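Values in this text are rule-based calculations from the coordinates and carry no lab data. Keep in mind that this is a model prediction, so the values were computed, not measured. All Cβ positions, glycine included, derive from the backbone under ideal geometry; neighbour counts span all protein chains shown.
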Amino acid sequence: MDHGWLAGITALYAGLLQAWDPRRACVLNCPAWSLSVEAFFYLAFLFVLPVVARWGLRRLAAAAVAAYALALLGPVLYLVLRPD
């Protein structure tokens, strides 16, 4: 077994970066890709929070409604275009 390859995979998993390379996301521990994605969003939250904290309550509520509507757009389009 190539020890350099295994060391690289282990480093990806230890740094929670395995989801960034889809070929290696399920090599050692397949469910751990979700931890990698979760760590990314925790890091992104640190950069988004200062921007959102300056918004007023109305703008924050409008952004929440818009995000909810966008989340529903895909399923609604599927139901309209390809009903089962």
Tilt of helix 33-53 relative to the longest C-alpha principal axis of the chain, in degrees (0 to 90, nearest 10)? 40
So, relative contact order of the chain in percent, Cα under 8 Å, 6 or more apart, is 16
Tell me the label only: which of (1) 0.94; (2) 1.18; (3) 0.99 is Rg/Rh (Cα atoms, Kirkwood Rh) as calculated from this structure? (2)
Quick one: 3J(HN,Hα) in Hz for the stretch 64-71, Karplus 6.51/-1.76/1.60 with θ = phi - 60°, rounded, Gly and Pro as x. 5, 5, 5, 5, 5, 5, 5, 5
Chymotrypsin sites (Phe, Trp or Tyr not before Pro) restricted to DSSP loop in the stretch 1-58 with at most 13 other C-beta within 10 Å: Trp55
